[in-house]
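No value in this document is a laboratory result; all are computed from the given coordinates. If you're wondering where the values come from, they're calculated on a predicted model, not measured in any experiment. Backbone-built Cβ (ideal geometry, glycine too); neighbour counts: all protein chains shown.
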Amino acid sequence: MTNTSLKDATLDCSELDQHMGKPMAPARMKEPLHNNDFRRWVQAMHYPNLLHYDHDFAAEGRYGRLVAPQSFAVAADDGHGAVPACVGKIPDSHLIFGGDEWWFYGPKVFGGDSLTNEKVPFDYSVKETKFAGPTCFQRGDNNYYNQDGDFIAKQRSTTIRYRADLALEMGAIKDSEDDPIWTPEQLEELETKKYEYIKMMHDLGHGKRYWDDITVGDELPVRIIGPHSIASFATEWRAYLFTIWGGTHRPGMDMESFGFTKEMAGHENDPVMEKDNPEWTDGAYFGPSRGHLFPHFARKIGMPRGYGYGASMGAWILDYLAGWAGEWGQVVHCNSSYRGPAFTGDSTVMTATVEDKLVDAEGRNIIQVACKMTNQLGNTMATAKAEIELPKK
């Protein structure tokens, strides 16, 4: 394809309009949640907060038992929260996550709860990008409820849908196909820096981080995770309940109906195939997520090597902010925009600065922060704005 034809390239989004605002089949779990679901999640998300995995610590805390982290809701979905944001066929396309906006309404998630996700396509727009020419930015809502009908959280996901051939032609994501090399000394220094955030959570313990003590301009402790690898991404994938055979009521989505290229479509969430040959229903082995774990397929959709999950990036940010807030605080709103994925071999660095403090219309004591996520070279991976509720003295 020549540069001239790139100017004339189009993206067929004609099917999307008929789906906007129409509820889809909800995501439903088959069995109540177990504490080990929370433990598996925080381990996969590199979030060693004792409140979510250590029985003895949690028993002495606010809830008297293990509680799920705020980021956990998406683990109970049947597709990373992406499904209502990718409904409708765009021929010969692929997608990556573009961002997540979260609202939290207060109820917590405990062992024994069952979650349902009400999914509703929201809107879309088509813009020209350096990544793949005409690109569709599509949004969809995920409304998470527990078994009592309590509204736990809303996740408004953004997917970036594009023609794989144009992404390959334009080659906008320029990075090495080889992982960076870390020296033993660099890895030791990285582990030391990673522990500083973990120690901050230990030092806070069951204590309260008071709104009164926060000043505009304060910087949150740096959180570092990585270096990422195929193994760490696979561990993340397995923490999402829908990736477990028989874990959820399958909605029976036809991935080819979304317009994914044939080699990336597969049988993910196919209830019939799950009974026949469940390996074919795993999106990481066969299907739309195989590019994350297999560099050969990553390069087919415009990525230089294995790369991480957008939904996990959102969880990293939520965990970062919630871990700082402590068990007496909570994230009430967070709007994250993803600029580029985590690649294998890279580390991820999260920083945040307090931009404002206020009492909102509901009488909550709120801290507003701006968050930034970069890799070890300082390249921006994501930005976020968030509101965190803290207790008052």
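By the compact-protein rule of thumb, 2.2 N^0.38 Å, the alpha-carbon radius of gyration of region 149-241 corresponds to a ratio of 1.63.
Evaluated with a Cβ-only charge set (Lys, Arg +1; Asp, Glu -1), the chain carries a dipole of roughly 320 debye about its Cα centre, given to the nearest 20.
For region 83-156, with equal point scatterers placed on the C-alpha atoms only and solvent neglected, what are the log10 I(q)/I(0) values from the Debye formula at q = 0.19, 0.21, 0.25, 0.27 1/Å, to two decimals? Normalising to I(0) and taking log10 leaves -0.81, -0.91, -1.14, -1.26.
When the chain is treated as a Gaussian network with alpha carbon springs shorter than 10 Å, the biggest mean-square fluctuation among Asn269, Asn143, Asn277 belongs to Asn277.
With a cap of 10 neighbouring Cβ atoms within 10 Å, and only residues DSSP puts in a loop, list the trypsin sites (Lys or Arg not before Pro) found in region 106-199.
Numbers: sites: Lys108, Lys119, Lys127, Lys130, Arg139, Lys154, Arg156, Arg161, Arg163, Lys174, Lys193, Lys194, Lys199; in loops: Lys108, Lys130, Lys174.
Passing sites in region 106-199 are Lys130, Lys174.
Region 179-239 and region 116-162 have Cα centres lying 28 Å from one another.
What number comes out for the charge environment of Val83, summing +1 per Lys or Arg and -1 per Asp or Glu over other residues with Cβ under 9 Å away?
Numbers: positive: Lys119; negative: Asp77, Asp78.
So the surrounding residues net to -1.
Within the chain, the longest segment free of exposed loop sites, counting GluC sites (Glu not before Pro) that fall outside DSSP classes H, G, I, E and B and have at most 14 other Cβ atoms within 10 Å, spans 178-361. Long hydrophobic helices in the chain: the complete DSSP H runs spanning 20 Å or more by Cα along their own axis with mean Kyte-Doolittle hydropathy of at least -1.0 are 310-325. In this structure, the pairs whose alpha-carbon distance is over 31 Å, taken from Lys127/Lys194; Lys22/Lys385; Lys89/Lys300; Lys30/Lys127; Lys22/Lys372, are Lys127/Lys194; Lys30/Lys127; Lys22/Lys372. Most tightly packed first, judged by the mean number of other beta-carbon atoms within 10 Å of their residues, the peptides 280-292, 77-89 read 77-89, 280-292. The chymotrypsin sites (Phe, Trp or Tyr not before Pro) found in region 114-212 that occupy coil by DSSP, while having at most 15 further C-beta atoms within 10 Å, are Tyr210. Given the alternatives (i) 23.0, 79; (ii) 20.6, 66; (iii) 26.0, 85, Rg and Dmax of the Cα atoms in Å as computed for this entry is given by (ii).
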